[in-house]
Amino acid sequence: MNPFLSASLILSATGVGAGAGEFRLSSRDIADGGTLPQAQVFNGFGCDGDNVSPQLSWSGAPEGTRSFAITVYDPDAPTGSGWWHWTVVNLPADTKELPTGAGSPGGQLPAGAVQGRTDYGQSGYGGAAPPPGDKPHRYQFTVWALKVDSLPLDENASGAMVGFMLNANVLAKASLTAFYGR
């Protein structure tokens, strides 16, 4: 078994905090351990993908969940700090799914949701674009169950700031990982 896939499945199964064994993330657009489709690849940086955020759904959030967040992160980017492809915070506690394209221009997120700035320098979903010749990168899609109604962040919040605030307020998280290389 791929060691990256093993780590992803363990994270999905264990999460953080009470009730985390039941918290699950799934997608009709991407397969855990599979190759990221062209629809979720960036259109730029030498890539010609569609740059569309995937459908994501989750279930089994722990008791006390007051909001959710989504992050997409590439730990293999040759930056020394990875690459933030998408952050969405302040998803209401009754949210259980984001449709395909919700984080893309013209997409619809629940009222009050905020997309932070990606490492491409703008808010919204930014698809995969690893350097040519690199091994396939891991794209970690994570849903975070939070103990607060909202985080004091706006569309200029960096991935690092979002990550800091999420880790300070997490009840549980669930992930799936897809791979992409060129």
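The values are calculated or read from the model by the stated rules, or taken from the named source; none is laboratory data. Just so it is clear, the structure is predicted and the values come from calculations on it, not from any experiment. Note that we place each Cβ from the backbone using ideal geometry, even for glycine, and neighbour counts take in every protein chain shown. Just the protein is used for accessible areas: all its heavy atoms, side chains included, with ligands, DNA and RNA removed. Shrake-Rupley method; radii C 1.70, N 1.55, O 1.52, S 1.80 Å.
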Checklist line | On Cα atoms only, tilt of 3-14 relative to the major axis of the chain in degrees | finding: 10 degrees
Next item on the list: Mind pulling the angle between the C-alpha long axis of helix 159-169 and the longest principal axis of the chain? Nearest 10 degrees, somewhere in 0 to 90.
Entry: 30 degrees
Checklist line | Two-decimal Rg to Rh for region 59-182 - Kirkwood Rh, Cα set | finding: 0.96
Notebook entry, point to check: In region 11-160, what percent of the accessible surface is made up of carbon and sulfur (1.4 Å probe, ligands and nucleic acids excluded)?
Noted result: 49 percent
Next item on the list: Springs between alpha-carbon atoms under 10 Å, Gaussian network over the chain: tell me which of ARG66, ARG138, ARG28 tops the mean-square fluctuations.
Entry: ARG28
Checklist line | Label-point separation, ALA111 to ASP50 (7 Å along Cα→Cβ), nm | finding: 3.0 nm
Check: Most mobile of GLN108, GLN140, GLN40 per a Gaussian network model of the chain (Cα springs, under 10 Å)?
Finding: GLN108
Next item on the list: With a 1.4 Å probe and every protein chain left in place, work out the accessible area per residue of the chain in Å², rounded to a whole number.
Entry: 44 Å²
Check: Where is the GNM fluctuation largest for the chain (alpha-carbon springs, 10 angstrom cutoff): THR79, THR87, THR118?
Finding: THR79
Next item on the list: Show which lysines lie in cross-link reach of LYS96 when reach means a straight Cα distance below 30 angstrom and same-chain residues fewer than eight apart are skipped.
Entry: LYS147, LYS173
